[in-house]
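Everything on this sheet refers to the single structure shown next.
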């Protein structure tokens, strides 16, 4: 029977790095295609979809940002704007 050896840390890191680079390249390509073929509103919506999980994680699990800035919430309950 053929036995396989486990992957080394260096090999696992290389595969993870490659996967992240490919993913980032695909995100960049989608942004470029949207910018060329779409409207500015579509690009803005795409940016919100990409960054929303980061913002939601930050607001949910941290009381202060990495820069030491307190989180603040702004609303327009009085309909002034």
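The values are calculated or read from the model by the stated rules, or taken from the named source; none is laboratory data. In this text, all values refer to a predicted model and were calculated from it rather than measured experimentally. When we count neighbours, we look across all protein chains shown, and the Cβ atoms used for this are built from the backbone with ideal geometry, even at glycine.
Brief remarks on what is shown
- Considering residues of region 49-81 that are under 21 Å from residue 24 (Cα atoms) and surrounded by fewer than 10 Cβ atoms within 10 Å (Cβ to Cβ) only, the residue modelled with the highest pLDDT: 49
- Residue check, residue 7 assigned to a loop (DSSP other than H, G, I, E, B), surrounded by 10 or more Cβ atoms within 10 Å (Cβ to Cβ) and either at pLDDT 70 or above or under 18 Å from the mean Cα position of the chain (by Cα) (or both): yes
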